[in-house]
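*Asks:* My questions will all concern the structure given below.
The values are calculated or read from the model by the stated rules, or taken from the named source; none is laboratory data. Predicted model, so just to flag it, every value in this text is computed and none were measured. Ideal geometry is used to build each Cβ from the backbone, glycine not excepted, and the neighbour counts take in all protein chains shown. In case anyone asks, the SASA skips ligands and DNA or RNA and just uses the protein heavy atoms, side chains included. Shrake-Rupley method; radii C 1.70, N 1.55, O 1.52, S 1.80 Å.
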Amino acid sequence: MRPIFHPRLVNGSTGDPLLFVDCLFERRALLFDLGDIQSLSPRKLMRISHAFVTHAHMDHFSGFDWLLRILLGREKDLHLFGPPGFLAQVEHKLRAYTWNLVRNYDSDFTLRVTEVDGMENGRRASFRCRNEFQREDEARTGCVNNTLLNEPALQVRCTMLDHGGIPCMAYALQEQAHVNVWKNRLQELGLPLGSWLRDLKQAVLRNEPDHWQIQVAWREGGAEQERLLTLAELKPALRIVPGQKIAYVTDVAWGEDNVARIVELARNADLLYIEAAFMERDAEHGQRKFHLTARQAGEIARATNVGCVIPLHFSPRYVGEDAASLRAEVAAAFGGKVF
Ligand SMILES: [Zn+2]
Ligand SMILES: [Zn+2]
């Protein structure tokens, strides 16, 4: 299966937590957390359509200003999601600058911000450049099943965790389904490869009925060829497998409720990005700081039945050898692949 998501932990396991997910076939990327983003090129930052912020501690939100600076003056909508209080936090950031010159801009860069509580309630508002980033169009919004984004190709869900008395969101990105084409079966049907396969895949992902018709067009011997085929006729050439799933969990106190929510959100993910801030020998310190230890992260990964774990947010107290020990501690508790 060719994955459509290409995730990259931008600052590694020791820097500010930041996951950049490039989406294959779309000129578009998703971002999880918004700390230090300076190492991402402007070209990559311009691809970001949605950014999901766990909470507004500086190491997760200080990159907002840089992103705003890069996107200002462009015709673009940026969707931001965060925990309760997030609308006001974005607004405060915007109010910190002077905007007397933006009314005459040709473009109207717009922030579309949603704060969610993990209990299917949300509140959203827009902030348009040409309106000096005033809060507009504020409304309540429902998030059925805590789904924040539901597109034909992908879905993002959230859950709310406790980070020492403040809410912290965790997110899961799921490809809806993955449609593979058996090229040899296409040949048997006398059909060529081509852009029509995209229509076919999208019709399958939209769950169109079996009698749904697909136009297959191609050139042969200098002449246009065309056939109409139903999904029922084409399905034998397809293999539909569950899509890729990536979960992102950080800044969470160890506790029964938090663990249960993470397990529900991240169950069977292919990749689990999870904080492993402290060694188990420093568990008391971790508890005081409301962060997970490496062993706790590994135990959660095992309970969640994930394919692979990528630990992050290592405390700066561990350098060199100790960073390898953090990974080893995750691996021992997880019993599977750790990168
Ligand atoms: Zn943090
Ligand atoms: Zn934090």
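*Asks:* How much of the DSSP bridge set in region 188-339 is antiparallel, in percent, rounded to the nearest 5?
*Replies:* 40 percent
*Asks:* How many Å² of accessible area per residue for the chain, probe 1.4 Å?
*Replies:* Per-residue accessible area for the chain comes out at 48 Å².
*Asks:* Now, a different point. Pull out the extension gain between Glu264 and Asn184, defined as 0.36 nm times the separation in residues minus the alpha carbon to alpha carbon distance; nm, one decimal.
*Replies:* 24.9 nm
*Asks:* Something else now. Order the following by accessible area, largest value first: Phe290, Phe52. Probe radius 1.4 Å; ligands, DNA and RNA are ignored.
*Replies:* Sorted by accessible area, descending: Phe290, Phe52.
*Asks:* Ordering Leu101, Leu9, Leu31 by how much accessible area each has at a 1.4 Å probe, largest first, what is the list?
*Replies:* Ranking Leu101, Leu9, Leu31 by accessible area, largest first, yields Leu101, Leu9, Leu31.
*Asks:* On to the next question. Do you know the Lys pair count in the chain for C-alpha distances under 16 Å, with sequence separation 8 or more or different chains?
*Replies:* Taking the Cα cut-off of 16 Å, the pair count is 5.
*Asks:* Under the Karplus relation 6.51 cos²θ - 1.76 cosθ + 1.60, θ = phi - 60°, what is the ordered set of whole-Hz ³J(HN,Hα) values for region 122-129, x standing for Gly and Pro?
*Replies:* Those phi angles translate into x, 9, 10, 7, 10, 9, 9, 3 Hz.
*Asks:* While we're here: Using a 1.4 Å probe and counting only protein heavy atoms, arrange Thr304, Thr98, Thr147 so the residue with the most accessible area comes first.
*Replies:* Accessible-area ranking of Thr304, Thr98, Thr147, largest first: Thr98, Thr147, Thr304.
*Asks:* Which whole DSSP H helices in the chain pass both tests: a Cα extent of 30 Å or more along the axis and a mean Kyte-Doolittle value no lower than -1.0?
*Replies:* Once both thresholds are applied, nothing remains.
*Asks:* Sticking with this one: Hey, what do the phi angles of region 23-29 turn into as Karplus ³J(HN,Hα) couplings, whole Hz, using 6.51/-1.76/1.60 and θ = phi - 60°, x for Gly and Pro?
*Replies:* For region 23-29, the Karplus-derived couplings read 9, 4, 6, 10, 7, 6, 9 Hz, x marking Gly and Pro.
*Asks:* Could you tell me what percent of the accessible area of region 178-322 is made up of carbon and sulfur, with a 1.4 Å probe and every protein chain present?
*Replies:* That fraction is 47 percent.
*Asks:* Run the quick spin-label model on Arg69 and Ala177: label points 7 Å from Cα toward the beta carbon, then report their separation in nm to one decimal.
*Replies:* Simple spin-label model gives 4.6 nm for this pair.
*Asks:* Can you give me the distance in nm between label points at Arg302 and Arg140, each placed 7 Å from the Cα along the Cα-to-Cβ direction?
*Replies:* With each label placed 7 Å out from Cα toward Cβ, I get 4.4 nm.
*Asks:* Run through every distinct alpha carbon pair of region 88-180 and return the Kirkwood hydrodynamic radius in angstroms, one decimal place.
*Replies:* Roughly 15.4 Å, rounded to one decimal.
*Asks:* Report Ser49's accessible area, 1.4 Å probe, all protein chains in place, as a number in Å² to the nearest 10.
*Replies:* 20 Å²
*Asks:* Here's a follow-up. Using only alpha-carbon positions, what ratio does the radius of gyration of the chain give when scaled by 2.2 N^0.38 Å?
*Replies:* So the Cα radius of gyration is 1.12 times the expected 2.2 N^0.38 Å.
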